[in-house]
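Below: the structure, in structure tokens.
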Amino acid sequence: MHLPDLDIARKREKRENKYIELKENYSKIFKGKKYFLRTYGCQMNTHDSEAIRSYLETLGFIKTENLEEANLVVLNTCAIRENAKDKVIGFLGKCHYLKKNNPDFKIALTGCLCEQPDVIDEIRNKHKYIDIIIGTHNLYDLPKLLLENPKKQEIEVYSESDEIIEGMHYERDSKITAWVNIMYGCDKFCTYCIVPYTRGRERSRKLESIIREVNDLKNKGYKEVTLLGQNVNAYGQDIGENFAHLLEEVAKTGIERVRFVTSHPWNFTDAMLDVISKYENIMPYIHLPIQSGSNNILKRMNRRYTREEYYDLYTKMKEKIPNVSITTDIIVGFPYESEEDFLDTLEMVKKCAFDGAYTFIYSKREGTPAALMKDDTPQSVKEERLQRLNELVNYYSNLSNQKLLNKVVPVLILGDSEKDSNKVYGYTDTMKLVNVDGPKDIIGEIVNVKITEAKSFSLDGTYVDEKVHS
Ligand code: SAH
Ligand code: SF4
Ligand code: F3S
């Protein structure tokens with residue numbers, strides 16, 4: 001048993017990255033057994049779940065979407081806000097019920113919640129029926145623990161974060177677009193955020209390994225890669241590399257579309273802007289979380305930039321990258337946020353006219369510096385601010401979508417539309433979702449689409465001609 005330790009997770013002493021090649025070969029010992037996998041949280045977790053799928057399928061498990069017929073359920077959890085935890089606890093209730101009727105039903109928990117000591121305490125006291133608990137740093141222990149088949153609850157959560165696993169195998173959800181980790185962890189320590197504790201220190205993969213992976217994906221027919229990091233600007237700082245160089249090398253592989261998330265407004269270099277504007281296959285889309293428009297609050301959040309610096313960067317992006325689309329994240333109700341601070345945020349939204357924004361009410365995370373700040377804004381005021389913010393944000397995303405009306409734009413078609421099974425769906429280069437009237441055989445292709453209707457959160461369009469690229 002290994003329990004998480006926040007003091008260890010908090011430490012950022014300079015240590016060497018340990019690059020580890022995984023070479024385990026498991027036999028299909030669970031052949032015929034079924035697994036149900038549910039993923040919460042961000043793209044990191046979505047991609048980690050592709051590794052989980054690979055581990056389970058190597059062991060012989062097959063995937064099911066029906067919880068009742070599963071032999072194993074794996075929950076890949078998120079800790080970013082309290083409601084992320086509530087969802088997991090709610091779902092665990094269902095799993096517990098199934099286990100009462102079928103003691104052979106196994107429950108495994110992994111992801112960011114497992115890295116929190118208070119959550120692990122709660123699990124040890126109230127959720128003894130969970131069989132296996134694994135941290136984010138040692139996901140590779142999953143096959144070993146399943147094979148050991150522990151009779152009592154087994155917790156293996158490490159808080160050290162020096163390792164980088166290379167040669168990972170992923171059972172990817174898509175054959176068209178793929179996630180590629182470029183780095184792990186975060187050292188920014190925004191005062192509200194749990195990620196630096198659940199994902200450990202910033203550590204970069206080697207440039208050559210990333211390029212090898214992108215080339216391999218391209219050779220397999222993938223059209224798009226999204227480079228993943230909590231703060232991609234910091235890529236390479238630990239290994240004498242930098243993000244602009246990596247991005248350029250990825251673009252040079254010639255894969256048709258390159259994306260990246262997430263960019264921190266602090267330390268976004270001119271070299272990065274130059275590379276983005278130079279290569280046609282780097283998509284003109286940047287997710288640039290602002291969090292607040294008030295300098296006072298930005299300082300308390302430890303965001304390392306002012307509203308003026310954010311706006312300068314924003315303007316530079318708009319000037320240098322033709323047609324760029326910029327989206328953001330905003331938190332309302334952070335400790336000490338006054339009505340004036342909130343109005344500053346609304347003003348920044350108006351100034352920037354964001355193409356889209358994810359908005360959240362501040363959620364206190366145990367162990368973070370903000371958890372110790374006085375938070376006396378009533379919940380009703382926070383909710384009212386969120387609503388006012390959302391109205392403004394939706395107005396601008398609608399405006400941005402309206403600009404595409406009647407235009408013909410390239411769209412990478414990803415699959416059947418969820419809205420209408422006769423249609424397909426895909427994304428513009430600027431990351432706008434389009435439901436497309438067109439034949440099924442354009443799935444996996446970048447095609448020209450005429451936009452026929454623009455709504456706040458999606459577009460409708462019609463396939464107009466042959467493929468843009470072969
Ligand atoms: N690494 C990324 C995003 C991480 S989490 C970045 O820095 O941009 C995604 C978003 O969740 C954050 O941008 C922030 O807006 C929100 N978030 C993080 N912690 C939160 C908290 N404690 N309460 C409410 N929202 C939070
Ligand atoms: Fe969290 Fe800030 Fe790191 Fe993003 S940059 S993951 S918000 S600490
Ligand atoms: Fe959630 Fe962990 Fe991502 S806390 S947002 S799954 S890094």
(request) Give the accessible surface of the chain per residue, rounded to a whole number of Å², with probe radius 1.4 Å and ligands, DNA and RNA excluded. (result) 45 Å²
(request) Between beta-carbons, use under 11 Å as the cut-off and find the net charge around E208, counting Lys and Arg +1, Asp and Glu -1. (result) -1
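Rank by packing, highest mean first: peptides 282-292, 369-379, with packing defined as the count of other Cβ atoms within 10 Å averaged across residues. Provide the component values of the computation, followed by the final result.
On the way: 282-292: 22.5, 369-379: 13.0.
Result, highest mean first: 282-292, 369-379.
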(request) Find, among the chymotrypsin sites (Phe, Trp or Tyr not before Pro) in segment 390-455, those assigned to loop by DSSP (not H, G, I, E, B) with at most 15 other beta-carbon atoms within 10 angstrom. (result) none
(message) How much length would be gained if the chain were fully extended between Q43 and K278, taking 0.36 nm per residue of separation minus their Cα-Cα distance, in nm to one decimal?
(response) 82.0 nm
(request) Can you tell me the dipole magnitude for segment 282-416 around its Cα centre, using point charges on the Cβ only (Lys, Arg +1; Asp, Glu -1), in Debye to the nearest 20? (result) 420 debye
(request) Determine which aspartates and glutamates satisfy two conditions relative to K28: a Cα distance under 20 Å, and not lying fewer than 8 residues away in the same chain. (result) E50, E57, E69, D104, D141, E148, E171
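So what is the relative contact order of the chain, in percent, for Cα pairs below 8 Å that sit 6 or more residues apart?
Dividing the mean separation by the residue count of the chain yields 11 percent.
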(request) With the Cα gyration tensor of the chain in hand, convert its eigenvalues to equivalent ellipsoid semi-axes via √(5λ) and list them largest first in whole Å. (result) 34, 29, 23
(request) Express the carbon and sulfur contribution to the solvent-accessible surface of the chain as a percent, rounded to the nearest whole number, probe 1.4 angstrom. (result) 49 percent
(message) Over 28 Å between Cα atoms: which of K18/K144; K318/K407; K106/K440; K144/K364; K34/K223 fall into that group?
(response) K106/K440; K144/K364; K34/K223
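Just need the relative contact order of segment 408-467 here, percent rounded to a whole number, with Cα pairs under 8 Å and 6+ apart.
Taking the mean separation of contacting Cα pairs over the length of segment 408-467, I get 33 percent.
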(message) Viscosity 1.002 mPa s, temperature 20 °C: what is the translational diffusion coefficient of segment 168-294 from Stokes-Einstein with a Kirkwood Rh over Cα pairs, rounded to a whole number of µm²/s?
(response) 142 µm²/s
(request) Show me 339-349, 242-252 ranked by packing, highest mean number of other Cβ atoms within 10 Å first. (result) 242-252, 339-349
(request) Enter the Cα centre distance for the pair segment 214-254 and segment 376-423, rounded to the nearest angstrom. (result) 28 Å
(request) Before rounding to the nearest 500, sum -39500 (n - 2.57) across all DSSP H runs of length at least 4 in the chain and divide by the residue total; then give [θ] at 222 nm in deg cm²/dmol. (result) -10000 deg cm²/dmol
(request) Leaving ligands, DNA and RNA out of it, rank H264, H169 by accessible area with a 1.4 Å probe, largest first. (result) H169, H264
(message) Sort E337, E160, E241 by heavy-atom solvent-accessible area, probe 1.4 angstrom, most to least.
(response) E160, E241, E337
(message) Only sites in a loop by DSSP and with at most 13 other Cβ atoms within 10 Å count here; which GluC sites (Glu not before Pro) in segment 374-424 make the cut?
(response) E418
(message) So for each of 142-149, 95-102 I average, over its residues, the number of other beta carbons within 10 Å; can you give me the resulting order with the highest mean first?
(response) 142-149, 95-102
(request) Mind putting a number on the dipole of the chain about its Cα centre? Charges go on the C-beta only, +1 for Lys and Arg and -1 for Asp and Glu, and I need it in Debye to the nearest 20. (result) 620 debye
(request) With a length cut of 24 Å (Cα positions projected on each helix's long axis) and a Kyte-Doolittle mean of at least -1.0, go through the chain and give me the DSSP H helices that pass. (result) 82-101
(request) Would you mind checking which residues have amide H under 5 Å from E166's amide H? H placed 1.01 Å from N; only 5 or more apart, or other chain. (result) I20, E21, L22
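In terms of the Cα gyration tensor, with a ≥ b ≥ c the square roots of its eigenvalues, is segment 6-156 rounded because a/c is under 1.5, prolate because a/b exceeds b/c, or oblate?
oblate
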(request) Heads up, I need the accessible area for V261: 1.4 angstrom probe, whole protein in place, Å², nearest 10. (result) 20 Å²
(message) Can you classify segment 14-99 as rounded, prolate or oblate using the Cα gyration tensor, where a ≥ b ≥ c are the square roots of its eigenvalues, rounded means a/c under 1.5, and otherwise it's prolate if a/b beats b/c and oblate if not?
(response) oblate
(message) Using the crude model of +1 on Lys and Arg Cβ and -1 on Asp and Glu Cβ, and no other charge, please compute the dipole size for segment 70-207 relative to its Cα centre, in debye to 20.
(response) 420 debye
(request) With a/c under 1.5 counting as rounded, go ahead and sort segment 168-402 into rounded, prolate or oblate using the C-alpha gyration tensor (a ≥ b ≥ c being the square roots of the eigenvalues; past the cut-off, prolate if a/b is larger than b/c, else oblate). (result) prolate
(request) Sequence neighbours fewer than 8 away in the same chain don't count; with that in mind, list the aspartates and glutamates whose C-alpha is under 19 Å from K450. (result) D416, D420, D429, D437, D441, D460, D465, E466
(message) Which one, S27, N233, T269, is farthest towards the positive end of the dipole of the chain when Lys and Arg carry +1 and Asp and Glu -1 on their Cβ?
(response) S27
(request) Give, as a single signed number, the net charge of other residues whose beta carbon lies under 11 Å from the beta carbon of V74, with Lys and Arg counted +1 and Asp and Glu -1. (result) +2
(message) Can you pull out the GluC sites (Glu not before Pro) in segment 1-97 whose DSSP state is coil and whose Cβ has at most 13 other Cβ atoms within 10 Å?
(response) E13, E16, E24, E65
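The values are calculated or read from the model by the stated rules, or taken from the named source; none is laboratory data. What you see is a predicted model; the values in this text were computed from it and never measured. Note that each Cβ is placed from the backbone with ideal geometry, even for glycine, and that neighbours are counted across all protein chains shown. With ligands, DNA and RNA removed, areas are computed over all heavy atoms of the protein, side chains included. Shrake-Rupley method; radii C 1.70, N 1.55, O 1.52, S 1.80 Å.
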